[in-house]
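Student: Provided herewith is a single structure, encoded as structure tokens, for subsequent inquiry.
The values are calculated or read from the model by the stated rules, or taken from the named source; none is laboratory data. Values in this document were obtained by computation on a predicted structure and should not be read as measured data. Cβ coordinates were reconstructed from backbone atoms using ideal geometry, including for glycine residues, and neighbour counts include every protein chain displayed. Ligands, DNA and RNA are excluded from the accessible area calculation, which covers all protein heavy atoms including side chains. Shrake-Rupley method; radii C 1.70, N 1.55, O 1.52, S 1.80 Å.
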Amino acid sequence: MSKAERLKEEIGWLKVVFGILVAIDVSRIAWLAQNVSRPASLLVSVCIFAVACVTLGIIWVNRTAYRKIDELEEL
């Protein structure tokens, strides 16, 4: 397998991971919107933390994908 083909496959997998993370993030944000009125709920606090972590994961995957795309252009 050539380096270009390998990079294309990695980018394909990153697209899948990106899509899954976005779906998780949107569903957590929707859940928060419905349950934010619960006063001092531990579950709401954990969900806010999870949204922050998943959002950071989305940013990381996005940057990684763009680095791979730039690397693919250089070939």
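Student: Six or more apart or on different chains, Cβ under 9 Å: which pairs go from a residue in the stretch 32-43 that's touching a residue at least 60 places away in the same chain (Cβ under 8 Å) to one that's surrounded by 12 or more Cβ atoms within 10 Å (Cβ to Cβ)? Could you list them?
Tutor: none
Student: Look through LEU7, LEU56, LEU75 and report the one residue that is open to solvent by 50 Å² or more (accessible area, probe 1.4 Å) and at pLDDT below 95.
Tutor: On inspection, the qualifying residue turns out to be LEU75.
Student: Let me ask another. Consider only pairs whose beta carbons are under 8 Å apart and that are at least six residues apart or on different chains; among these, list those whose first residue lies in the stretch 55-75 and is more than 19 Å from ILE20 (Cα to Cα) and whose second residue is open to solvent by 80 Å² or more (accessible area, probe 1.4 Å) and of a type in the set (Asp, Glu).
Tutor: none
Student: Sticking with this one: Just name the residue that is farthest from VAL46 (Cα to Cα) out of those in the stretch 22-36 that are within 12 Å of the chain's Cα centre (by Cα) and surrounded by 12 or more Cβ atoms within 10 Å (Cβ to Cβ).
Tutor: Looking at the filtered set, the residue picked out is VAL22.
Student: Hey, among the residues in the stretch 10-21 that are under 8 Å from the mean Cα position of the chain (by Cα) and under 15 Å from ARG63 (Cβ atoms), which one's surrounded by the most Cβ atoms within 10 Å (Cβ to Cβ)?
Tutor: For the stretch 10-21, the residue satisfying everything is LEU21.
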